[in-house]
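This report refers to the structure that appears directly beneath it.
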Amino acid sequence: MQRIYLDHAATTATDPMVVKEMEIYFSQKYGNPNSIHSFGQETRQAIEEARKKVAHLIGAEPSEIIFTSGGTEADNHAIKGVAWANQKKGKHIITSQIEHHAVLHSCRFLEKQGFKVTYLPVDKYGLIDPEELEKTINDQTILITIMHANNEIGTIEPIKEISEIARRRGIYFHIDAVQTVGHIPIKVKELGVDMLSMSGHKFYGPKGVGALYLKKGVKIFPLIDGGGQEKNRRASTENVPGIIGMGKAAELAEERLKQGEEDRIAIMRDKLIKGISERVENVHLNGHPTKRLPGNVNFCFEFVEGESILLNLDMEGIAASSGSACTSGSLEPSYVLLAIGLPHEIAHGSLRLSLGKENTEDEVDYVLEVLPQIIKKLRELSPFKGNWKGLESR
Amino acid sequence: MTLYSEKVMEHFRNPHNVGKIEEADGVGEVGNPVCGDIMKIYIKVKDGIIDDCKFETFGCGAAIATSSMVTEMVKGKTIEEALKITNQAVAEALGGLPPIKMHCSNLAADGLLKAIEDYQQKTGKIKKESKKKKERK
């Protein structure tokens, strides 16, 4: 049976060229990059090359890149590090209700330490209103942290508008760009952000490595104390193979973006969106129709539950994801879907298909052939069928 | 996928006794669409024996498999025997369920109990003690 991977927002396959680049940094070039000898110096040089590649991908200076263990650490570092270093100035942080848990839970932790956090609501597309954001700023506000694009519904937030506000009001601005780096062109200077989090394995790099872009001059504390690595900003011996891999992944991503990769993927996305909307009744597209990640498709199918859809898709060889309670590991469906105003029963029927570079038009056609049958089969089991008030009637 | 046992997947793939029974003798509904699981169990009773049983379920793999399993377990049983079927017994017949599913999606026997109560109420044979007996856990 053919297997089709449509869960690229969860993780991607490490590119074989990345793996090849990493290989020699295990047993051949294994020196500690902080050592004076030649073993150490050859890995030091390789790390600095990787840093240049990652910096180049987002239009930053190499000195503004700190390697971390992943996107989660980068988020934690930016939020807690800025909060701790600037608390004399104020203890208020602004974020949104649809952030990744790495951001939300960092904020919750700071609340326990006496910080005040505003969790901005979003509209039905998942968009933040910059004007509403500005209204919540007060003289205690030290940090705004907003995701570049949402991992579940794919909505791309108005980062430039927010950064103009942040700059005008003299507040640090961090973005979680885990879903966008390597997938859409990003220039940090154009976006006007002070900090940006990214993760290697979301763009065909290895797992266990990420980076924080930290604009020169940002006042921040380290998250991990120890040796003087990363210019005293992140202690611990560098994850050399991981960093080399992330550097190569960044280089490859830049090449793909130059060749218009995101347009090719967006064509498949739009074909899926159009095809599902035409073939299945009582469906609801989640996220913004155009301000959207090139690889993100997210629908709610009324009268059916997400895990059942996933299991059926898996039996057909298709790997996807859902925001239903069963897949969120709690009894609640996805907080992102609830934040865009979906009722619980409809949020339980969500399906996310996230496309990547290996996907083909043929695979899209296969999904469009199989998925409507699965929904039909599950609806035949459902006690709701036609007698459920649709979203339109709300 | 190893989330569920092979038996669960068998019932999930090909659920038995799907649908409504028109003019059912008893109908039971459990769960809540807000929680993502709702089951409707229909029974047909003949001479004190459950002659037919069908279900309609909105829910996850466990919800669908337990619904299918309970309809299989109950067919041909007397009302008294049917009342002894527990959620636990349904899960066991399926080779077990993941721990998180034991509470949220393992409701099929409760649905059957409600269907039997509905039948007993309709026929004036309601037995209060049987309800108490079934309040388990």
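The values are calculated or read from the model by the stated rules, or taken from the named source; none is laboratory data. Quantities reported herein were computed from a predicted structural model and do not represent experimental measurements. We place every Cβ from the backbone using ideal geometry, glycine too, and count neighbours over all the protein chains shown. Keep in mind that these areas ignore ligands, DNA and RNA; they rest on the heavy atoms of the full protein, side chains included. Shrake-Rupley method; radii C 1.70, N 1.55, O 1.52, S 1.80 Å.
What the table shows:
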| item | result |
| --- | --- |
| Residue in the range A:296-304 that is open to solvent by less than 10 Å² (accessible area, probe 1.4 Å) and closer than 23 Å to B:Pro98 by Cβ present | yes |
| Qualifying residue in the range B:50-68 (condition: under 30 Å from A:Ser321 (Cα atoms), in contact with a His (Cβ under 6 Å, 6 or more places away or on another chain) and modelled with pLDDT of 95 or more) | yes |
| Residue within the range A:10-17 that is within 28 Å of the chain's Cα centre (by Cα), over 14 Å from A:Ile244 (Cβ atoms) and buried (at least 20 other Cβ atoms within 10 Å of the Cβ) present | yes |
| The one condition in (1) over 28 Å from A:Ile267 (Cβ atoms); (2) more than 14 Å from chain B (Cβ to nearest Cβ) that A:Glu358 fails to fulfil | (1) |
| Single unsatisfied condition, A:Ala347 versus (1) closer than 30 Å to A:Gly182 by Cβ; (2) open to solvent by 10 Å² or more (accessible area, probe 1.4 Å) | (2) |
| Condition broken by B:Ala82, with the remaining ones in (1) within 14 Å of chain A (Cβ to nearest Cβ); (2) under 19 Å from B:Ile126 (Cα atoms); (3) not β-branched (Val, Ile, Thr) satisfied | (1) |
| Total residues in the range A:226-245, condition crowded, with 22+ Cβ neighbours inside 10 Å and in a helix (DSSP H, G or I) | 6 |
| Hey, A:Thr95 farther than 20 Å from A:Ile159 by Cβ and not basic (Lys, Arg) or not | no |
| Tally, over the range B:5-16, of residues that are more than 10 Å from chain A (Cβ to nearest Cβ), open to solvent by 20 Å² or more (accessible area, probe 1.4 Å) and not in a loop (DSSP other than H, G, I, E, B) | 3 |
| Condition met for A:Leu285 (over 16 Å from A:Val367 (Cα atoms), more than 10 Å from every other protein chain (Cβ to nearest Cβ), of a type in the set (A, V, I, L, M, F, W, C) and open to solvent by 10 Å² or more (accessible area, probe 1.4 Å)) | yes |
| Within the range A:323-344, considering residues that are open to solvent by less than 20 Å² (accessible area, probe 1.4 Å) and among the polar types (S, T, N, Q), the one farthest from A:Arg379 (Cα to Cα) | A:Ser334 |
| When residues of the range A:18-42 are limited to those that are of a type in the set (A, V, I, L, M, F, W, C) and farther than 24 Å from A:Glu251 by Cα, the one most open to solvent (accessible area, probe 1.4 Å) | A:Ile36 |
| Qualifying residue in the range A:74-85 (condition: in the same structural domain as A:Lys219 (by TED's automatic domain parsing), among the polar types (S, T, N, Q) and without any contact (Cβ under 8 Å) to a residue 12 or more places away in the chain) | no |
| Matching residues, the range A:39-95, being assigned to a loop (DSSP other than H, G, I, E, B) and not hydrophobic (A, V, I, L, M, F, W, C) | A:Gly59, A:Glu61, A:Ser69, A:Gly70, A:Asn86, A:Gln87, A:Lys88, A:Lys89, A:Gly90, A:Lys91 |
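Results for (1) away from chain A (no Cβ under 11 Å); (2) under 21 Å from A:Ile346 (Cβ atoms), shown as yes or no for each residue.
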residue: B:Leu3; (1), (2): no, no
residue: B:Val18; (1), (2): no, no
residue: B:Gly26; (1), (2): yes, no
residue: B:Met39; (1), (2): no, yes
residue: B:Gly61; (1), (2): no, yes
residue: B:Ser67; (1), (2): no, no
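Every residue, every condition in (1) without any contact (Cβ under 8 Å) to a residue 40 or more places away in the chain; (2) small (Gly, Ala, Ser); (3) within 20 Å of A:Cys107 (Cα to Cα), yes or no:
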{"position": "A:Tyr125", "(1), (2), (3)": "no, no, no"}
{"position": "A:Glu134", "(1), (2), (3)": "yes, no, yes"}
{"position": "A:Asp139", "(1), (2), (3)": "no, no, yes"}
{"position": "A:Leu143", "(1), (2), (3)": "no, no, yes"}
{"position": "A:Ala149", "(1), (2), (3)": "no, yes, yes"}
{"position": "A:Ile162", "(1), (2), (3)": "yes, no, yes"}
{"position": "A:Arg168", "(1), (2), (3)": "yes, no, no"}
{"position": "A:Pro185", "(1), (2), (3)": "no, no, no"}
